[in-house]
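Take a look at the structure set out below.
Nothing in this text is a laboratory measurement; each read-out follows from the coordinates by a stated rule. Computed from a predicted structure; not experimentally measured. Here the Cβ is made from the backbone with ideal geometry for all residues, glycine too, and neighbour counts use every protein chain on show.
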Amino acid sequence: MANLKETFLNPILKGNPITVLVLGICSSLAVTVELKGACVMALSVIIVTGVSSLICSLLRKTIPNRVRIIIQLVVVAMMVILVDQVLKAFAYTIDKQLSVYIGLIITNCIVMGRIEAFALGNKPWPSLVDGFANGLGYGLIIIVVAFFRELLGSGTLFGLHVLPAGYVPNNLVILPPFALILLGCIIWAHRAFDKELQEK
Amino acid sequence: MNTNGNIYTVVYTAIIVIAVAAVLAFASQRLKPLQDANEKAETISQILNAAQFEFDASSNDAILAFYKENISFAMLLDAGGETVGELNTEEAEIVGLSELKAQNANIKNGADYAIPIYFFKNGVKVVPIYGAGLWGPVWGYIALAPQGSEIVGAYFDHASETPGLGGKIKDDPAFRGQFAGKSVDYADAAYILGIVKGGAPEGKANAVDAISGATMTSKGLDEAINVWLRAYAGFLNQQVEE
């Protein structure tokens with residue numbers, strides 16, 4: 001088993017779920033119009049991936065092989081509903097803004113992918129770190145995307161005006177296609193920077 | 001132990017599902033009061049927004065306190081404009097969305113209904129509207145001046161309209177801003193208050209521009225407004241004539 005530091009850093013850099021594995025694209029287009037929403041979404045995904053991985057890892061020796069995907073799904077669904085309920089109680093406006101996308105974390109391939117690929121074959125502690133780090137890798141990218149989209153699309157950051165009053169907000173930036181263009185640029189930059197990621 | 005046997009699999013799955021259900025039921029029960037309070041505060045802030053109040057929306061308590069300070073009374077009306085119930089304004093009692101949905105069905109089916117109207121101390125009265133947008137329900141509040149048929153303001157919300165298109169009924173201040181200064185006209189055969197595609201006719205006081213690119217949402221909202229305003233006709237007409 002790789003050491004913990006590797007487990008933690010790999011999903012953030014060389015094995016980043018968005019820029020390298022290209023998972024979780026749908027939600028990263030949808031929730032990155034504003035930084036605040038993106039931060040809450042990032043936090044939600046971190047908690048869901050981390051805790052689901054931990055629970056599945058604890059259960060890994062008891063889970064019947066034939067129904068393991070269903071068990072994983074039940075655990076992930078539980079976490080997603082819990083996060084949604086907590087947000088509805090304590091951060092109602094943000095939950096409304098994120099609307100269906102919190103519920104859709106369950107369909108985010110990162111969560112199930114990490115449980116299937118890592119948590120079922122590793123001890124609880126590394127699994128928690130792996131799930132947590134994958135959520136973080138996802139979160140960092142959507143926060144970067146949201147930073148540019150809110151700055152250029154609305155002239156604000158966290159709802160505060162930062163660009164001079166004369167700045168005309170760019171409507172294209174608000175629309176999902178721009179997020180895809182930006183994401184493409186980030187993937188390009190990541191690959192240009194890390195030669196190991198380039199295929200021959 | 002054989003973890004692949006049939007009995008083991010069935011029992012294991014059952015236990016996991018029951019455990020998860022228990023956790024969720026517990027969480028839902030504990031968080032419900034907080035969630036309800038949030039929903040109620042949001043509805044109240046929408047009513048206040050429609051009535052063009054400037055208020056501190058930073059916390060639920062601030063919203064409720066402002067509402068209690070400024071509300072005069074609120075009651076439930078039937079088709080004839082008769083009062084069939086009162087809302088306790090000291091407790092900031094309001095009619096929530098699920099109830100509006102039920103009343104919307106009553107209005108459309110021609111059944112008896114009891115729909116709310118809120119009177120503020122400055123004389124402004126607010127009525128809700130509810131209907132179907134493109135993807136889900138749309139609703140909102142229209143504030144009317146103390147006398148006559150003038151509209152003070154309006155606020156709309158939706159469950160799942162497309163952001164940037166139908167979502168503009170909520171997100172675009174310019175859309176709801178159109179309503180202030182317009183008026184409702186019960187004598188107009190076409191609509192009491194219309195949302196008109198291609199732009200409101202020049203000089204027409206009871207029409208506003210629809211949202212381009214959001215025809216179905218605009219139509220749905222237009223229907224919601226007219227169905228509900230008609231439901232208040234018994235009461236409002238009486239007010240207008242006086």
Within segment B:119-150, what residues put their amide N at less than 17 Å from the label point 7 Å along the Cα-to-Cβ vector of B:GLU69?
B:120-123
Count, for each residue of A:91-103, the Cβ atoms from other chains sitting within 10 Å of its Cβ, then give me the mean as a whole number.
2
Helix B:6-50 versus the longest principal axis of chain B: what angle, 0 to 90°, nearest 10, using Cα atoms?
20 degrees
Would you list, by chain and number, the lysines whose Cα falls below 29 Å from the Cα of B:LYS197, excluding same-chain residues fewer than 8 positions away?
A:LYS96, B:LYS101, B:LYS108, B:LYS125, B:LYS168, B:LYS170, B:LYS182, B:LYS219
In nm, give the distance between the simple-model label positions of B:ASP112 and B:ALA19, each being 7 Å from the Cα along the Cα-to-Cβ direction.
5.3 nm
Quick one, could you list the DSSP H helices from chain A stretching 15 Å or more along their long axis (Cα atoms) with average Kyte-Doolittle hydropathy of -1.0 or above?
A:35-59, A:68-90, A:124-154, A:176-193
Using amide H atoms built 1.01 Å from N in the peptide plane, name the residues 5+ places from B:LEU77, or on other chains, whose amide H lies under 5 Å from its own.
B:VAL84, B:ILE115, B:ILE117
Compute the length gained on full extension between A:CYS26 and A:LEU197: take 0.36 nm times their separation in residues and subtract their Cα-Cα distance, giving the result in nm to one decimal.
59.3 nm
Roughly what % antiparallel, to the nearest 5, for the DSSP beta bridges in the protein assembly as shown?
90 percent
Kindly work out what percent of the DSSP beta bridges joining two residues of chain B are antiparallel, to the nearest 5.
90 percent
Between the DSSP loop rule and a limit of at most 11 other Cβ atoms within 10 Å, which trypsin sites (Lys or Arg not before Pro) in segment B:79-155 are left?
B:LYS121
Ranked list, fewest to most other Cβ atoms within 10 Å of each Cβ, for B:PHE156, B:PHE55
B:PHE55, B:PHE156
Along the Cα→Cβ direction, 7 angstrom out, place labels at A:VAL162 and B:ILE7. What is the inter-label distance in nm?
6.3 nm
Rounded to whole Å and ordered largest first, report the semi-axes of the equivalent ellipsoid of chain A derived from its Cα gyration tensor (root of 5λ).
31, 21, 13
Between the DSSP loop rule and a limit of at most 11 other Cβ atoms within 10 Å, which trypsin sites (Lys or Arg not before Pro) in segment A:56-147 are left?
A:LYS61
The residues A:TYR167, B:TYR186, A:TYR138, sorted from fewest to most surrounding Cβ atoms within 10 Å, come out as A:TYR167, B:TYR186, A:TYR138
Nearby lysines by direct alpha-carbon distance to A:LYS123 (threshold 23 angstrom, same-chain neighbours under 8 apart not counted)
A:LYS5, A:LYS14, A:LYS61
For segment B:73-241, take the alpha-carbon Rg, divide it by the Kirkwood Rh, and send me Rg/Rh.
0.94
If you wrap the protein assembly as shown's Cα atoms in a convex hull and average its projection over all directions, what's the area in nm²?
27.3 nm²
How do B:VAL124, A:VAL145 line up, fewest other C-beta atoms within 10 Å first?
B:VAL124, A:VAL145
